[in-house]
Amino acid sequence: MPSLDLRGIQKSFSSTPVLDDVSLTLEAREFIAFLGPSGSGKSTLLRIIAGLETADKGEVWLEGRRIDQLPPGERGVAMVFQHYALYPHMSVRENMAFGLRNARVAKGEIERRIAEAAKVLEIEPLLDRKPAEMSGGQRQRVAIGRALVKEPKLFLLDEPLSNLDAALRLRTRVELAQLKRRVDAAVIMVTHDQAEAMTLADRIVVMNDRRIQQVGRPMEIYSRPANTFVAQFVGSPAMTLLPAEMVDGGDHATLRLGDGSLVETRIGRDALQQSNGLRVGVRPEAVRVGGKATTKGKVELVERLGERTLIYARLSDGRPITAEDEGTSAVKIGDDVPLKIDGTAAHIFDADGTGYHQADA
């Protein structure tokens, strides 16, 4: 039985549509990330699952029971908000116990749950502190603990790391990765940070323009993007997209770029539904400086990252392209550099933005 089943969710605020026919199934104990830009509908969808918003159409089912008609407290769902929402006058222990007391859980059971959650989250020394006496990362763990003691069937995390600084964000990300192995429930996390989604999620749900654009495992999303939005949203730096036209001959598609250079792909010519308005997509690691060059570009920016160097260049037809070089690269701004495009790693997108990849051949 699936853990969560969303069926045809639609939502508008006044005359502005926010979600359009969203359907999704989560498996038991699966960790899902809703990934997308601001305004894509991901937080609204999370709030509909939690019962904080009401869908205009559609159904929400949790472990075989329809819950969208139930009040939030009866859904078996626990939500961790972006802004902690801890009671400042209460200790950590009191914050974690508050919801359970309102639900009239026995005192001994409350103490057991708090002790177990504090052990899992390693916040046992903090139980008698107030929120003001703790760091942001500690407060976030308390917020997660307050959800954990409810023993929900589904955890909802709304941008849980966005208020933390870079170092603390990385450390808390590791803690969340460890936590998901200990929790006997499905988890949905909303984020606009692809590194969080790629690191933590079993599957990523990429959202944009009110709809789900693609659902898949992290490397599937990265290596086989369904369309140009996913291709450019997932991956840093973004995938380069270059207008191209098909060249006759051969079983695999060969495309000519705007500067006249050819890219020989491993995508079957017959797999393409149309031959007009095509674009070639290449990630930086598929474009190397030097070697048997496919084309050349004028360097506009050199980004040195230690183990590798990113080269931002412009082709002779004015199109930008991002390439990768060794960490010790001697390339400088203004250089004309040879670029070798690995056609076996190239993607093709048609005029509608639909993606074709080597595995489609």
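In table form, for the structure just shown:
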read-out	value
Residue ID - modelled with the lowest pLDDT, chosen from residues in region 190-205 that are in contact with a Lys or Arg (Cβ under 9 Å, 6 or more places away or on another chain) and of a type in the set (A, V, I, L, M)	Ala195
Residue within region 107-119 that is among the β-branched types (Val, Ile, Thr), at pLDDT 85 or above and in contact with a Pro (Cβ under 8 Å, 6 or more places away or on another chain) present	no
Residue among Gly76, Gly51 that alone is at pLDDT 90 or above, of a type outside the set (Val, Ile, Thr), in contact with a Lys or Arg (Cβ under 8 Å, 6 or more places away or on another chain) and surrounded by 14 or more Cβ atoms within 10 Å (Cβ to Cβ)	Gly51
Leading residue by the ranking (farthest from Thr344 (Cα to Cα)) among those in region 196-230 that are touching a residue at least 40 places away in the same chain (Cβ under 8 Å) and among the acidic types (Asp, Glu)	Asp209
The one condition in (1) surrounded by 14 or more Cβ atoms within 10 Å (Cβ to Cβ); (2) assigned to a loop (DSSP other than H, G, I, E, B) that Glu59 fails to fulfil	(2)
Residues within region 184-216 that are within 22 Å of Arg146 (Cα to Cα) and surrounded by fewer than 18 Cβ atoms within 10 Å (Cβ to Cβ), tallied	1
Filter result for the condition that a residue is among the hydroxyl-bearing types (Ser, Thr, Tyr) and over 24 Å from the mean Cα position of the chain (by Cα), over Thr228, Thr199, Thr265	Thr265
Region 254-273, subset at pLDDT below 90 and of a type in the set (Gly, Ala, Ser), residue nearest to Lys340 (Cα to Cα)	Gly268
Qualifying positions in region 81-101 - at pLDDT below 90 and over 35 Å from the mean Cα position of the chain (by Cα)	Arg101
Selected residue (criterion: nearest to Ala323 (Cα to Cα)) from residues of region 208-231 that are polar (S, T, N, Q) and at pLDDT 95 or above	Thr228
Residue in region 35-48 that is among the basic types (Lys, Arg), in the same structural domain as Gly137 (by TED's automatic domain parsing) and closer than 15 Å to Val205 by Cα present	yes
Top-ranked residue in region 115-130 [being more than 11 Å from Arg93 (Cα to Cα) and free of Cβ contacts under 8 Å to residues at least 60 places away in the same chain; ranked as surrounded by the most Cβ atoms within 10 Å (Cβ to Cβ)]	Leu121
So Ala97, is it within 16 Å of Val80 (Cα to Cα) and either outside any helix (DSSP H, G or I) or touching a residue at least 60 places away in the same chain (Cβ under 8 Å) (or both)	no
Selected residue (criterion: farthest from Ala85 (Cα to Cα)) from residues of region 101-110 that are free of Cβ contacts under 8 Å to residues at least 12 places away in the same chain and in a helix (DSSP H, G or I)	Gly108
Residue match in region 330-341 (condition: at pLDDT 95 or above and in contact with a Pro (Cβ under 6 Å, 6 or more places away or on another chain))	no
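Matching residues to (1) within 25 Å of Val230 (Cβ to Cβ); (2) in contact (Cβ under 8 Å) with a residue 60 or more places away in the chain; (3) out of contact with any helix residue (DSSP H, G or I) (no Cβ under 9 Å at 6 or more places or on another chain):
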position: Arg269; (1), (2), (3): yes, no, yes
position: Ala286; (1), (2), (3): yes, yes, no
position: Glu300; (1), (2), (3): no, no, yes
position: Ser316; (1), (2), (3): no, no, yes
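The values are calculated or read from the model by the stated rules, or taken from the named source; none is laboratory data. On a predicted model such as this, the values are computed, not experimentally measured, just so you know. Cβ sites come from the backbone with ideal geometry, for glycine too, and all protein chains shown count toward neighbours.
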